[in-house]
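A short write-up of the structure that comes next.
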Amino acid sequence: MKSCLTILSILFLSIFSVAQDTQFSQYFNIPNYMNPALTGSGSPHVRGVVHSRIQWPGLETRKLSNLVSFEKSLNKINSGVGFYFLADNYAKGTLRKYTLNVQYAYTIDLNDKISVKSGVSGGFLMYQKNNEQMIFPDQYNSFGLTGVNTNEPNASQNSIAPDLGLGMML
């Protein structure tokens, strides 16, 4: 009964969850971005990473992503701490997304060879939309683009949302 309730809870939460993370080709260089449980899993020193990706470089509507990440292992307390900042720029600034997250991971040793790492990540997302660089259907007529300003609401819109993440690794 308990496992059935757990499965139903996970399914219920997944229905209302939304996520679309930037995919980096060399994801192994930024483990804390991929899974908060991996925060501080590298060397005992401070680890800093600057990562960049250009998606669809030949197109005018390309996506540019830049990530700065820092993490530190705290071996004395079986933990790791870190943070990352991600900036996504779509179509020359038409859409922008900024993410700032802080992370904490804790390791539980089950025996000499097996341990469980769990991590939590929390922060916020900020979205910026610039309608002045977009073309909407009301700006066209039967002869093509009219050059008239759009009647769409929210010509420039910014929004902020929480960003929460959990991770686990055996």
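The values are calculated or read from the model by the stated rules, or taken from the named source; none is laboratory data. All of these numbers come straight from a predicted model, not from anything done at the bench. Here Cβ is always computed from backbone atoms with ideal geometry, including for glycine, and neighbour counts include all displayed protein chains. Protein only, heavy atoms only, side chains kept; ligands, DNA and RNA dropped before computing areas. Shrake-Rupley method; radii C 1.70, N 1.55, O 1.52, S 1.80 Å.
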>> Could you tell me the center-to-center distance, by alpha carbons, between segment 119-170 and segment 26-42 in angstrom?
In response: 28 Å
> Which ³J(HN,Hα) values in Hz, rounded to whole numbers, follow from the phi angles of segment 129-134 under the Karplus curve 6.51 cos²θ - 1.76 cosθ + 1.60, where θ = phi - 60° and Gly and Pro get x?
Replying inline: 10, 10, 5, 5, 9, 9
> So for the chain, Kirkwood radius off the Cα pairs, Stokes-Einstein at 4 °C and 1.567 mPa s: how many µm² s⁻¹?
Replying inline: 68 µm²/s
>> Using a Debye calculation, one point per C-alpha and no hydration shell, please list log10 I(q)/I(0) for segment 49-105 at q = 0.30 Å⁻¹ in order.
In response: -1.11
>> Can you tell me the mean projection area, over all orientations, of the convex hull of segment 22-122's alpha carbons? Units nm², please.
In response: 6.9 nm²
> Residue by residue through segment 68-73, which ³J(HN,Hα) values in whole Hz follow from phi under the Karplus form 6.51 cos²θ - 1.76 cosθ + 1.60 (θ = phi - 60°), with glycine and proline marked x?
Replying inline: 10, 9, 9, 8, 8, 8
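So if I place +1 on the C-beta of Lys and Arg and -1 on the C-beta of Asp and Glu, and nothing else carries charge, what would the dipole magnitude of the chain be about its Cα centre? I want it in debye, nearest 20.
On the way: 13 positive and 10 negative charges, 87 e Å.
Approximately 420 debye in magnitude.
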> Which of G40, G122, G58 moves the most in a Gaussian network model of the chain with Cα springs under 10 Å?
Replying inline: G58
> With every protein chain left in place, what is the accessible area of I135 in Å² (1.4 Å probe, nearest 10)?
Replying inline: 100 Å²
> Mind checking the angle between helix 2-15 and the chain's longest principal axis? C-alpha axes, 0 to 90 degrees, to the nearest 10.
Replying inline: 20 degrees
>> I want to check a number: in the chain, how many lysine pairs have alpha carbons closer than 19 Å, given a sequence separation of 8 or more or different chains?
In response: 8
>> If I model segment 79-151 as equal point scatterers sitting on the Cα atoms and use the Debye formula, what is log10 I(q)/I(0) at q = 0.26 Å⁻¹?
In response: -1.08
>> As a test question: what accessible area, to the nearest 10 Å², does M169 have when a 1.4 Å probe is rolled over all protein chains in place?
In response: 80 Å²
